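The values are calculated or read from the model by the stated rules, or taken from the named source; none is laboratory data. The structure presented is a predicted model; accordingly, all values stated were derived computationally and were not measured. All Cβ positions, even for glycine, are placed from backbone atoms using ideal geometry, and neighbour counts span all protein chains on display. Accessible surface areas use protein heavy atoms only, side chains included; no ligands, DNA or RNA. Shrake-Rupley method; radii C 1.70, N 1.55, O 1.52, S 1.80 Å.
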Amino acid sequence: MSWQNTLQEWLDYKELDPELKSQLIDLQKDSDATEEAFYAPMEFGTAGMRGLLGPGINRMNIYTVRQAAEGLASFMDTLDDSKKSQGVAISYDSRYHSQDFAYESAKVLGAHGIHSYVFDSLRPTPELSFAVRSLHTYAGIMITASHNPKQYNGFKIYGPDGGQMPPVESDNITSFARKASDLFAIKTKSVQQLRAEKLLTLIGEDVDLNYLDKLDTVVVNHDLIKNIGDKMNFVYTPLHGTGKMIAPRIFQKLGFKNFSMVTEQAILDPEFETTPFPNPEFAQTFDLAIEKGKKIGANILIATDPDADRLGAAVRQPDGSYKLMTGNQIASVLLNYILNAKKELGVLPANGAVVKSIVSTELATAIANKYNIRMFNVLTGFKYIAEKIQNFQDSGSNEFLFGFEESYGYLVKPFVRDKDAMQSTILLAEAAAYYESKGETIYDALEDLYKEYGYYREKTISKTFEGISGKDRMAAIMKQFREEGFEEINGVKVVESLDYLNQTDKTADGVKETGLPKADALKFILEDGTWVAVRPSGTEPKMKFYIGITSDSDEHAATKLEAFAKEVNGWE
């Protein structure tokens, strides 16, 4: 069916949601935007389905959400009764229509006789992962667009382990969703029916208390917090999102009683009034936190994105100004603190393991090596870290100590199987307390790491490819890079080429397997230790280029990184 015919179906549907109908009339004034909204259905990527709000099969609305929920429900219909009867946990963030989408999902699941456990108000993504595990549901749904602007929303599906649904199951769910091509014919039951038939249970404080108890276990050294926690002041901002529901409670519970909230950003505002791009890797999101930090002399500023799975931070420098840390820097400081603190307390396990993505800093590998802790590399997507944790538990081979991605996602304890900014907020506050007890800051800690291991620097370059042609263009670029490869980059010889789609690892000694699942990504390792990777985003119309370098001085590292960035910026 052509996109024009699909559009006409929407125009002819008499019971179309009034708000969407009004938006559809306005949308038709822009023919390109209309075609993009109707030319193809939304796709599931590494973190589910995410897109612009509005009418159309390629937009987030109650009908596409129903279709996604129908895919999950139909897939669960194929399971045995014991698994299907476990039900689905559902949470949502502070965005426009998030609560609506959560209940629409429950209404579709209920029509299949599947029980939903819906949070009574918004909660963080990691708490949804925890709820799946603690309630023993078969799946979880999180309505969120993470750190995207206000125009977006999303639908993430979690599996029985609390991790994002693995590729095989996700593909099956997508297949079932596609079969439900008539979006307006998907059956639902009203919330009142679901409550009467015991197919919808509200959850909230009961799960919160259990989650808070588990968060308490993230602390490595409780005595440290007991001695200095109430004296240390730091700034926290939830960026108008779900972190507000949990972070203040755990700070108080642990003894960090002197923290300050950015009150303007503690308002649950779907407009993200103070920060149009609520992404803690962006400097603008810290403007208000910096203002408050200077007033109280805070050593560290902490921000979590709207669904509280990612964490960003800014550290006070010797001149009193604040500098943003990268995700790789935060991860390196957290990892070093964990390993050092556990070693000092005599609880560092001999079979400890750290897991990171293939595009994350090698500084973490150097730190792990010092403590004789094994580093495991996995594909981009936190579900692969979750899978590795499960492998550790099933085999008894290793004890998980820390996992991270360069994109500001970290996990300390495996009672959650996705990145958890509530956990990493606690650990970062504890690390800051440790260095404060020594008369130092996190900035000093980072500088010490560079002096010991070398000056590691990383950079991510994102190129946007919007519209229908964007996807084809990204595919063409990847095909070209895959077929032609690189003999050198920025004048430095390539000594290893990894193609994760073909699962090949090529060096001068020959070709071996990567040992990882298939993924549309490439990585090139150079003679001087520099590495460059490229992959199309799984949830956004972007191609991402990653660069990692190391040097013996801060100045040379910056110069070297920019030289490689200039080279990579010219790739198209």
Fill in: Accessible surface of segment 100-218 [probe 1.4 Å, protein heavy atoms]: carbon and sulfur percent
50 percent
Worksheet item: Between Met60, Phe38, Leu27, whose Cα lies farthest towards the positive end of the dipole of segment 1-90 when Lys and Arg beta carbons carry +1 and Asp and Glu beta carbons carry -1, centred on the Cα centre?
Response: Met60
Item to complete: Taking the Cα centre of segment 267-366 as origin, sum charge times position over the Cβ atoms of Lys and Arg (+1) and Asp and Glu (-1), and report the length of that vector in debye to the nearest 20.
Response: 580 debye
Worksheet, complete the sentence: The rounded separation in angstrom of the Cα centers of segment 351-367 and segment 84-128 is 34 Å
Practice prompt. Taking the Cα atoms of segment 419-572, report the difference between the largest and smallest coordinate on each principal axis, in whole Å and largest first.
Written response: 54, 35, 31
Discussion item. Taking the square root of 5 times each eigenvalue of the Cα gyration tensor, what semi-axes in Å does the equivalent ellipsoid of segment 407-487 have, largest first?
Written reply: 39, 20, 12
Worksheet, complete the sentence: In Å, the Kirkwood hydrodynamic radius from C-alpha pairs for segment 303-409 sits at 14.7 Å
Worksheet item: In square nanometres, what is the average projected area of the Cα convex hull of segment 153-307?
Response: 13.1 nm²
Practice prompt. Tell me which residues come under 5 Å, amide H to amide H, from Arg123 once H is placed; ignore anything under 5 positions away on its chain.
Written response: Tyr92
Discussion item. Can you compute the modelled spin-label distance between Asp77 and Tyr13, with each label point 7 Å from Cα toward Cβ, in nm?
Written reply: 1.9 nm
Worksheet item: Mean separation of Cα pairs under 8 Å and 6+ residues apart, divided by the residue count of the chain: what relative contact order is that in percent?
Response: 12 percent
Fill in: Accessible area of the chain divided out per residue, in Å², using a probe of 1.4 angstrom
40 Å²
Fill in: Positive dipole terminus of segment 205-344, leading residue within Ala341, Gln265, Thr275 (C-beta point charges)
Ala341
Response to the item:
Descending packing, highest mean Cβ count within 10 Å first, for 8-19, 139-150 is 139-150, 8-19
Worksheet, complete the sentence: Cα extents of the chain along the principal axes, largest first, in whole Å, come to 67, 56, 48
Fill in: Under 17 Å from the Cα of Lys21 - lysines, other chains or at least 8 residues apart
Lys29
Worksheet entry | Largest-first principal axis extents, alpha carbons of segment 325-473, Å | 56, 38, 27
Worksheet item: With every protein chain present, what accessible area does Thr464 have (1.4 Å probe, heavy atoms only), rounded to the nearest 10 Å²?
Response: 70 Å²
Response to the item:
Protection proxy (average C-beta count within 10 Å per residue), highest first, orders 337-344, 414-421 as 414-421, 337-344
Worksheet item: To the nearest 20 debye, what charge dipole does the chain have about its Cα centre, counting +1 at the Cβ of each Lys and Arg and -1 at the Cβ of each Asp and Glu?
Response: 920 debye
Item to complete: Mind grabbing the base-10 log of I(q)/I(0) for segment 40-174 at q = 0.18, 0.22 Å⁻¹? Debye formula, identical points on the C-alpha positions, no solvent, two decimal places.
Response: -0.91, -1.42
Worksheet item: Could you give the radius of gyration (one decimal) and Dmax (whole number) of the Cα atoms in segment 17-108, in Å?
Response: 15.1, 51
Discussion item. Ignoring ligands, DNA and RNA, please state the percent of accessible area on segment 379-517 from carbon and sulfur, probe 1.4 Å.
Written reply: 44 percent
